[in-house]
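The structure under discussion appears below in the form of structure tokens.
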Amino acid sequence: MLKPLGDRVILEVEKEEEKTVGGIVLAGNAKEKPQTAKVVAVGTGRILDNGEKVAMTVKAGDVVVFDKYAGSEVEYDGVKYLVMHEKDLLAIVE
Amino acid sequence: MLKPLGDRVILEVEKEEEKTVGGIVLAGNAKEKPQTAKVVAVGTGRILDNGEKVAMTVKAGDVVVFDKYAGSEVEYDGVKYLVMHEKDLLAIVE
Amino acid sequence: MLKPLGDRVILEVEKEEEKTVGGIVLAGNAKEKPQTAKVVAVGTGRILDNGEKVAMTVKAGDVVVFDKYAGSEVEYDGVKYLVMHEKDLLAIVE
Amino acid sequence: MLKPLGDRVILEVEKEEEKTVGGIVLAGNAKEKPQTAKVVAVGTGRILDNGEKVAMTVKAGDVVVFDKYAGSEVEYDGVKYLVMHEKDLLAIVE
Amino acid sequence: MLKPLGDRVILEVEKEEEKTVGGIVLAGNAKEKPQTAKVVAVGTGRILDNGEKVAMTVKAGDVVVFDKYAGSEVEYDGVKYLVMHEKDLLAIVE
Amino acid sequence: MLKPLGDRVILEVEKEEEKTVGGIVLAGNAKEKPQTAKVVAVGTGRILDNGEKVAMTVKAGDVVVFDKYAGSEVEYDGVKYLVMHEKDLLAIVE
Amino acid sequence: MLKPLGDRVILEVEKEEEKTVGGIVLAGNAKEKPQTAKVVAVGTGRILDNGEKVAMTVKAGDVVVFDKYAGSEVEYDGVKYLVMHEKDLLAIVE
């Protein structure tokens, strides 16, 4: 399995047609179009300038909205994942 | 519902014709044209370099003026929202 | 009324022909041409990296000189305002 | 042998045809295409503004995913290595 | 009078023909050509990240050399001034 | 002799044909092509924001790999040297 | 005389033909070509984020190598000087 480093998260990207799952519809205007995904794994957190570690605010299983232009794509065991920093996550879909 | 992360806010954007609600008229000059919206949800706040958390200065229900070029658009359950950082909010309309 | 957020100020912009009010004439050279305005409202101040809040150094009623390229324009109840950060103010006209 | 400085790592790059080793397939879309490699050596870690040293989170022998555009190539004793900062590593393949 | 804000200074610019006052001749090469001026007023100083205020190192009456591309021009009561940050001053002419 | 300032190092650049000394061959791909050199002299170290000095991690006599695009060239007593910051050194060749 | 501000130094530039004084010959390749000069005066030092002042590491009388693209030219009492920050000095010629 992929274990994210630092404050990164591994996201399993919703297929395009599942775009409305969890009620999220991608607004197709000129703005950055956020995307939905499920959190598969989270890193151990970000280290501040004073050495303190900031805990992650999302956990595996959360459905999140994120910026479409963020992250790197990785395919692992036939599944497409996105790896990005926690700061690129906009909101949790409750 | 959308739960914003970090120091972000979820805004419900005023429809264009409601542009004057709360007395705000968008100045159409070359400058950034601020926009009005109602705060629907706020994050838990920003974390400083020393690990301290700074409380949010706006709350759900506030009507705010913000920079039109800020934030990401998300449509959820048929409603159009904007997700942006608190620092992109200019003022509260009292 | 507009309540500025953070270290922002709300300025009521002097009409162009009043350019000389308070003795200020805009130098028309290639440099940034500062502008004059009256402070209508001020925010609560800037938060430093150590969490400390720095008080504002201008107050409502002050006449200030500022950079013409700074700030966002907002029209509220028929009056034209500028919203900008305190750091974009150059001097107070005493 | 190469001893990396600061928070750098020395990676032995997987040959292109071994692209699927450890289950990783490089997604060929427009996004940064992460790459796989084995960690050969790690530096002593990053020094923070307060003088504290942050231990490395990867060790020799780990298989990692990293950004393809990161790092500098070095060939040493006939073997091709990549030298990059720890922050350019995305995840560990467990 | 103009009261500069923060770590800014108000400078009264030497007329071009007075270019050699205080022995300073502007080197006309491609580099930034420093300029001479008299300090008319100084701000209260710069605030550091830890909240400490750093006193100004120039005072009214000093003749200084500064970068020609720095600052904003303001004309007040018929006199041409430059408003700039202390960091744009290169040296004091003693 | 040249005494480097701050966290800089003075490097004696290997002649092109000696490219393979110490086993290092420059990978000629599009990436930054690191280069080899011997450390001739080191500065006293870098000063952090809190005033602490960080000791240098390389010493005179080390053979190092560095980024080819870093540093400034100086010829002194007929010998060609490179002066660069320690952060531009990638690894020590042991 | 010119009294440099902050962490700046005043350098008396070697005339072109004296380029080899102190054994320094300017490498004419594409890299930044360092230049030699004598330190005429130094500022009081740099102030760190924590308010601490860092003493200067060069003094009047030192011969230094610096980046040719750094600094501002000033001519004073018929002598050509360069004013630059200490960080633009590469090494002391001993």
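Find all pairs meeting these conditions: Cβ atoms under 9 angstrom apart; at least six residues apart or on different chains; first residue within region B:53-79 and more than 13 Å from chain A (Cβ to nearest Cβ); second residue among the hydroxyl-bearing types (Ser, Thr, Tyr) and open to solvent by 40 Å² or more (accessible area, probe 1.4 Å).
Once the first residue is more than 13 Å from chain A (Cβ to nearest Cβ) and sits in region B:53-79, its partners that are among the hydroxyl-bearing types (Ser, Thr, Tyr) and open to solvent by 40 Å² or more (accessible area, probe 1.4 Å) give B:ALA55/B:THR44; B:MET56/B:THR44; B:THR57/C:THR44.
Quick test for you: out of C:THR20, C:THR36, pick the one residue that is of a type in the set (Ser, Thr, Tyr), open to solvent by 50 Å² or more (accessible area, probe 1.4 Å) and modelled with pLDDT under 95.
Step by step, each of C:THR20, C:THR36 is checked, and only C:THR20 is of a type in the set (Ser, Thr, Tyr), open to solvent by 50 Å² or more (accessible area, probe 1.4 Å) and modelled with pLDDT under 95.
Residue check: is C:VAL39 closer than 24 Å to B:THR36 by Cβ, away from chain B (no Cβ under 13 Å) and of a type in the set (A, V, I, L, M)?
Criteria met by C:VAL39.
Within region E:45-94, take every residue that is over 25 Å from G:LEU2 (Cα atoms), open to solvent by 40 Å² or more (accessible area, probe 1.4 Å) and in a strand (DSSP E or B) and give me the one that is modelled with the lowest pLDDT.
Looking at residues that are over 25 Å from G:LEU2 (Cα atoms), open to solvent by 40 Å² or more (accessible area, probe 1.4 Å) and in a strand (DSSP E or B), I get E:GLU75.
The values are calculated or read from the model by the stated rules, or taken from the named source; none is laboratory data. From a predicted model like this one, the values you see are computed outputs, not experimental measurements. When we count neighbours, we look across all protein chains shown, and the Cβ atoms used for this are built from the backbone with ideal geometry, even at glycine. Please note that ligands, DNA and RNA were not included when accessible areas were found on the heavy atoms of the full protein model with its side chains. Shrake-Rupley method; radii C 1.70, N 1.55, O 1.52, S 1.80 Å.
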